[in-house]
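Here's the structure we're looking at; comments come further down.
Derivation of every value follows stated rules applied to the coordinates shown; laboratory data play no part. Note that the structure is a prediction, hence the values are computed from the model and not measured. As a convention, Cβ positions derive from the backbone with ideal geometry for all residues, glycine included, and neighbour counts pool all protein chains shown.
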Amino acid sequence: LKTFETIEQCRKELSCIDGSVGLIPTMGSIHKGHLNLVRASKIENTTSIVTLFVNPSQFGRNEDFDQYPRDIDQDMVLLENEGIDILFAPKVREIYPLGFSTFVDIGDLSKKYEGLYRPEHFRGVSTIVTKLLSIFRPNRAYFGQKDAQQCAVIKKLNDDLNLGSEIIIVPTARDQFGMALSSRNIYLSELQKKSANHINLILFRAKKLYHSKNMKSCDLINFISKSLPIDINIEYVSIVNRETFATMNIPDVNSLIIVAVNIGSVRLIDNVSLS
Ligand code: PAF
């Protein structure tokens, strides 16, 4: 595993690489979800590159940037075991040097749902992902379906800015109870985890109801809202088009059921495709 901290070192290394490049952008705290992205990239590309950068611009003022779990030594062991070729782990000043002032704003899609609750979030994600796709020019870049709106945002900026990578979305990795894996799950107590396990169960039940009873969105949303345990505070439940995030009154196979909830002070998101 070759580890680089600077863009210049990466560019030098890239100029010696033949064949296709797969990029897996992460904020570290590597878990099975990231490893699924790594494995997908290893199958499809000659060289696989992981980036590890806890991106300050995608955290709101009251969010957990300082507390975000960081363990680069453990991450390196996991990535080395998977046979990753290159790790790019820059310092903040490498990505945002003094005087940095250019941000990417993709418009409407980034203003709804997650964008409403986390107003700066997608501007930060769009900026870092645009920078990484521009630095590495990968043939393919890999992202997890758990962050469904982020996936839609990244596909849009890649198309709009002609960045030329293929954006590959890998299915959500889940634990033995079906809970979507996330670096933030470590914030949950055992009791909170039990409640959180209901989220995916109920989403998959709603999907079944859609297929067996052809239910409309409002009925499915009602079912989900009523079925979640009372210690789960719902921020939103909705049914949207997977690309535009337009609200769908009548769901179809291109729809996703999306939820965001708070359990205590922990915020969780999940989604299920109706296809
Ligand atoms: O999904 C994440 O871990 C981050 O939002 C990403 C895509 C690495 C950008 O910082």
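So, in nm, how far is label S101 from label N81 when the simple model puts each one 7 Å beyond its Cα toward the Cβ?
Placing both labels 7 Å beyond Cα along the Cβ direction yields 4.7 nm.
Spin-label point model (7 Å from Cα, Cβ direction): what's the N241 to S15 distance in nm?
Inter-label distance under the simple model: 4.5 nm.
Normalise the Debye intensity by I(0) for region 4-50, one equal point scatterer per Cα, no solvent, then take log10 at q = 0.29, 0.31 Å⁻¹ and round to two decimals.
Rounded to two decimals, the profile gives -1.07, -1.10.
Tell me the angle of helix 72-81 to the major Cα principal axis of the chain, expressed in degrees between 0 and 90 and rounded to the nearest ten.
Relative to the chain, helix 72-81 is tipped by roughly 90 degrees.
Determine the calculated [θ] at 222 nm for the chain from helices alone, applying -39500 (n - 2.57) to every DSSP H run no shorter than 4 residues and normalising by the residue count; nearest 500 deg cm²/dmol.
-11500 deg cm²/dmol
Once you wrap a convex hull around the alpha carbon atoms of region 132-171, what is its projected area averaged over all directions, in nm²?
Computed as one quarter of the Cα hull surface, the answer is 2.5 nm².
Considering only DSSP beta bridges whose two residues both sit in the chain, what percent are antiparallel, to the nearest 5?
50
Could you work out how much longer the chain between H211 and Q74 gets when fully extended? Use 0.36 nm per residue separation minus the Cα distance between them, nm to one decimal.
Going from the current span to full extension adds 45.1 nm.
What's the FRET efficiency of S225 with N262 using the Cβ-Cβ distance as r and R₀ = 22 Å, to the nearest 0.05?
The pair S225/N262 has a calculated efficiency of 0.95.
Applying 1/(1 + (r/R0)^6) with R0 = 45 Å to the Cβ-Cβ distance of E5 and S275, what FRET efficiency is obtained, to the nearest 0.05?
0.60
Of H211, H31, how do they rank once you tally other Cβ atoms within 10 Å and put the fewest first?
Placing the least packed residue first, the sequence is H211, H31.
Put +1 on the Cβ of each Lys and Arg and -1 on the Cβ of each Asp and Glu in the chain; which of Y236, S183, S134 then has its Cα farthest toward the positive end of the dipole?
Selected residue: Y236.
Treat the count of other C-beta atoms within 10 Å as a stand-in for reagent exposure and order I250, I95, I17, I49 from fewest to most.
With the fewest neighbours first, I250, I95, I17, I49 line up as I250, I17, I95, I49.
Kindly provide log₁₀ I(q)/I(0) values, in the same order as q = 0.09 Å⁻¹, from the Debye equation applied to equal alpha-carbon scatterers of the chain.
For the requested q values the scattering log ratios are -0.43.
Once Lys and Arg get +1 and Asp and Glu get -1 on their Cβ, which of V125, I86, C16 lies farthest toward the positive end of the dipole of the chain?
V125
Where the eigenvalues come from the Cα gyration tensor of region 62-114, what are the semi-axes √(5λ) of the equivalent ellipsoid, largest first, in whole Å?
28, 17, 15
Return the tail of the calculated pair distribution for region 8-147, meaning the percent of Cα-Cα pairs more than 21 Å apart.
Summing the P(r) of region 8-147 above 21 Å gives 45 percent of all pairs.
Assuming R0 = 30 Å, can you tell me the calculated FRET efficiency for the pair F204 and E63, based on Cβ-Cβ distance, to the nearest 0.05?
It comes to 0.55.
Using the Cα centre as the reference, give the magnitude of the dipole from point charges on the C-beta atoms of the chain (Lys, Arg: +1; Asp, Glu: -1; all else neutral), rounded to the nearest 20 debye.
720
For region 138-230, what does the equivalent ellipsoid look like in terms of its semi-axes, each the square root of 5 times an eigenvalue of the Cα gyration tensor, given largest first in whole Å?
Semi-axes (√(5λ), whole Å): 30, 20, 11.
Round to the nearest 10 and give me the degree value, 0 to 90, for the angle of helix 32-44's Cα axis relative to the longest principal axis of the chain.
Long axis of 32-44 versus the principal axis of the chain: about 60 degrees.
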